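Written below as structure tokens is the structure these notes are about.
The values are calculated or read from the model by the stated rules, or taken from the named source; none is laboratory data. Everything numeric here is computed off the predicted structure, so don't read it as measured data. All Cβ positions, even for glycine, are placed from backbone atoms using ideal geometry, and neighbour counts span all protein chains on display. Just the protein is used for accessible areas: all its heavy atoms, side chains included, with ligands, DNA and RNA removed. Shrake-Rupley method; radii C 1.70, N 1.55, O 1.52, S 1.80 Å.
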Amino acid sequence: MQTQKIQADLLLLLVAIIWGLAFVAQRLGLELLGPFSFNALRFLLGALSLLPLLFFFKAPSDHSNRQLLISALAAGGVLFLGASFQQAGLAYTTAGNAGFITGLYIIFVPLLGLWIGQSTTINTWLGGGIAVIGLYLLSFHQLTAINRGDILEICGAVCWATHVLLIAKLAPKVDNLRLAILQFLVCAALSGFTALILESEQFTLNNAINSWLPIAYAGFISVGIAYTLQIVAQKNAPPAHAAVIMSLEAVVAAVGGWFLLDESFSLLGILGCSFMLIGMLFSQLPLIYKRDKSYA
């Protein structure tokens, strides 16, 4: 059991690194494509990249197509909302800000979890609180600087928290690979339909070809690999605990934005990153309160 938890934590850490760098790719993707156009292409690519694996991994004997379809529609719908808010917000704020504001889901996850009867360890609460201090130092130390992009990212953070809780509920019940593929297809279809209505001028083959590199990273690596690893890892990780680890994507996003996009990175930013790391490590300490009942 302990080995499974360590493996899950390492997978979630890898997910955080991949997602953090994806903010840079997503920002670059907005140069030619609209938010919905970019999401439609990257989630479609993510789904297509996983299709060959279906030939190697058969569905379990107790596999239920109906339950899988319902799960995929629910997860894909929430994924569409989260990705839409996040990508639209990136048009008005920096990759670093988007990453750190998205990281607020470390608090939204346990809060929303309380509504559905989940308890959370004191370590996770304290670790999340320390991490939020880091978020404040990086994103909210100048309240007058908050723009509509930041507001959109906050809405996205609520959706990501909902998605984390939903995946934690669904992952142990359905085939993970098929759930990943179908939720990506649902998200791609919803994004594509919206893009045809709102972004018909930008949603062109020429723009898609010229944006191939950010689409490739955001689609194949961020969607195809990272979201699938999230589903696999959350089979052995409580949602609030997983959210704290994955919130480190904010640190990677800020560093990536500074290094690759020449975005500013101040002393407060470094201090905020430090708090984020301390919060994640604190959440990993031996439990000093009862374990999450849902995972006991």
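So how strong a dipole does the chain carry about its Cα centre when Lys and Arg Cβ are +1 and Asp and Glu Cβ are -1, to the nearest 20 debye?
940
Accessible area per residue of segment 200-243 at 1.4 Å probe, in Å²? Display every interim value, and only then the final one.
Numbers: 1890 Å² over 44 residues.
For segment 200-243, the per-residue accessible area is 43 Å².
Could you tell me which helices of the chain pass both thresholds, a Cα extent of 30 Å or more along their own axis and a mean Kyte-Doolittle hydropathy of at least 1.6, with helices taken as whole DSSP H runs?
Details: long enough: 2-29 (40 Å, 1.08); 65-89 (35 Å, 0.82); 148-170 (33 Å, 1.15); 176-198 (33 Å, 1.81).
Correct list, ordered by number: 176-198.
For the chain, calculate the relative contact order in percent as a whole number, restricting contacts to Cα pairs under 8 Å that are 6 or more residues apart.
43
Pick out which of 80, 55, 108 has the largest mean-square fluctuation in a Gaussian network model of the chain, springs linking Cα atoms closer than 10 Å.
In the Gaussian network model the winner is 55.
Of the chain, which part is the longest with no trypsin sites (Lys or Arg not before Pro) in a loop (DSSP not H, G, I, E, B) and with at most 16 other C-beta atoms within 10 angstrom?
The longest uninterrupted stretch comes out as 59-172.
On the full set of protein chains, 1.4 Å probe, figure out the accessible area of residue 277 and give it in Å² to the nearest 10.
Ignoring ligands and nucleic acids, residue 277 comes out at about 80 Å².
Of 105, 92, 227, which is the most mobile in a GNM of the chain whose springs link Cα atoms less than 10 angstrom apart?
92
So, in Å, what gap is there between the alpha-carbon centers of segment 47-66 and segment 5-24?
Measuring centre to centre over Cα atoms gives 23 Å.
Kindly sort 175, 150, 62 by accessible area of their heavy atoms, largest first, with the probe set to 1.4 Å.
Largest accessible area first, the list is 62, 175, 150.
Using a 1.4 Å probe over the heavy atoms of the protein chains, calculate the carbon and sulfur portion of the accessible area of the chain as a whole percent.
Answer for the chain is 71 percent, counting heavy atoms of protein chains only.
Please work out whether segment 118-251 counts as rounded, prolate or oblate from its C-alpha gyration tensor, where a ≥ b ≥ c are the square roots of the eigenvalues and a/c under 1.5 means rounded, while otherwise a/b larger than b/c means prolate and anything else oblate?
Because a/c hits 1.5 or more and a/b fails to exceed b/c, segment 118-251 counts as oblate.
Along its three principal axes, how long is segment 1-88 when you only count alpha carbons? Whole Å, largest extent first please.
45, 33, 24
Of 241, 63, 163, which is the most mobile in a GNM of the chain whose springs link Cα atoms less than 10 angstrom apart?
Ranking 241, 63, 163 by mean-square fluctuation puts 63 first.
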